[in-house]
1. Along each of the three principal axes of the Cα atoms of segment 100-217, give the extent in whole Å, ordering the values from largest to smallest.
2. Give me the percent of the accessible area of segment 100-217 that comes from carbon and sulfur atoms, probe 1.4 Å, all protein chains in place.
3. With labels modelled as points extended 7 Å from the Cα through the Cβ direction, what inter-label distance (nm, one decimal) is found for Glu81 paired with Asn8?
4. Using the heavy atoms of the protein chains alone and a 1.4 angstrom probe, what is the accessible area of segment 100-217 per residue in square angstrom?
5. Between Ala210 and Thr147, what is the FRET efficiency for a Förster distance of 30 Å, r being their Cβ-Cβ separation, to the nearest 0.05?
6. Principal axis lengths of segment 190-242 from Cα atoms, whole Å, largest first?
7. Using 0.36 nm per residue, how much length does the chain from Asn174 to Arg49 gain when fully extended, once their Cα-Cα distance is taken away?
8. Karplus couplings for segment 10-25 from phi (6.51 cos²θ - 1.76 cosθ + 1.60, θ = phi - 60°), rounded to Hz, Gly and Pro as x?
Amino acid sequence: MAACAELNSECIEEFLSSFNTVLVDCDGVLWCGEDNIIEGSRDTLVKLRMLGKRVIYFSNNSTKSRSQYQQKLHRLGFEAELNEIICATSVCCQYIKDTLNIDENVYLVGSSGFIEELDRHGIKHFGSGEDPVEGNLTEWTNIEYRTDVKAVLVGFDAHFNYMKIMKAANYLRNPNCYFLTNGLDFEFPLFNNDRIVPAAGCFVLPIQAAAKRKPTILGKPNKLMFEAVKQIYPDVDATKCIIIGDRLDVDIEFGKRGGGDEGVVSKRRRLRGAVSEWERAVSKSWRP
Ligand SMILES: O=C(O)[C@H](O)[C@H](O)COP(=O)(O)O
Ligand SMILES: [Mg+2]
């Protein structure tokens with residue numbers, strides 16, 4: 001056992017010295033839902049900071065702006081400076097403003113997080129309220145068909161309805177209108193799965209089906225999220241980062257290709273390395 005323990009502490013030492021920045025996902029890693037903190041998450045971040053690691057909250061969540069996220073983090077007892085928070089709502093809006101050079105005529109299917117970030121970035125937008133669905137189908141079929149909409153931005157929307165799908169799909173008939181989203185998660189992670197809470201992907205897919213167009217995902221695993229880190233921390237070295245996440249297809253996939261260069265070495269790659277060693281060992285001893 002001693003040898004094994006030494007090996008473990010050696011491994012742990014080697015692992016801990018291999019990175020200086022931790023990109024930590026939020027939903028499903030720090031908490032589930034609004035108030036269910038995942039046991040040990042706060043203490044782990046405290047210990048990582050004590051080891052001198054830079055901790056960055058790194059979320060695709062589409063319901064909150066950065067400042068709303070900071071309020072939630074503080075409410076749940078996490079240390080969080082605003083410049084330690086990278087969330088998809090602000091990354092999406094910065095991309096729209098600075099890369100697409102759009103500052104008006106954005107149709108939002110989303111909620112207060114996107115509204116606050118669109119306003120903060122000075123982007124004029126419409127939609128995102130409760131579209132009254134009145135009358136019969138003929139009234140619906142003659143909705144105003146605008147050709148000046150420059151982007152349709154879709155995230156979590158508790159007031160989602162038929163009218164929004166119809167409007168978004170018609171705006172997206174214009175090939176110059178961008179179709180953008182924070183991500184395609186279909187549900188928020190929940191403790192003991194006591195109920196399903198649909199997430200952003202559930203609002204994107206109906207519009208995708210009606211418009212016959214696929215959205216550009218601006219959140220993880222898009223490297224835009226890492227560009228946002230570099231803007232705040234120009235010294236950040238992708239190979240000295242790890243990502244902690246609950247979604248292989250989003251967080252760990254980001255780790256494999258985050259930042260666009262060789263990139264963030266995700267825990268999974270390390271895990272994959274370990275598993276293939278293990279498989280080789282097993283297959284040698286196991287061969288009939
Ligand atoms: O659908 C959303 O709002 C997000 O994709 C979902 O909340 C995941 O957030 P994250 O795990 O990246 O914090
Ligand atoms: Mg998550």
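The values are calculated or read from the model by the stated rules, or taken from the named source; none is laboratory data. All values reported here derive from a predicted model rather than from experimental measurement. Positions of Cβ are generated from backbone atoms using ideal geometry, with glycine treated the same way; all protein chains shown enter the neighbour counts. Only protein heavy atoms, including side chains, enter the accessible area calculation; ligands, DNA and RNA are left aside. Shrake-Rupley method; radii C 1.70, N 1.55, O 1.52, S 1.80 Å.
1. 46, 38, 24
2. Roughly 54 percent of what the probe reaches on segment 100-217 is carbon or sulfur.
3. 3.5
4. Values: 5980 Å² over 118 residues.
Roughly 51 Å² per residue, with all protein chains present.
5. Approximately 0.95, to the nearest 0.05.
6. The Cα atoms of segment 190-242 stretch 42, 35, 17 Å along their principal axes.
7. 40.2 nm
8. Running phi through 6.51 cos²θ - 1.76 cosθ + 1.60 with θ = phi - 60° gives 5, 4, 4, 4, 5, 5, 4, 7, 8, 9, 10, 9, 10, 8, 10, 5 Hz.
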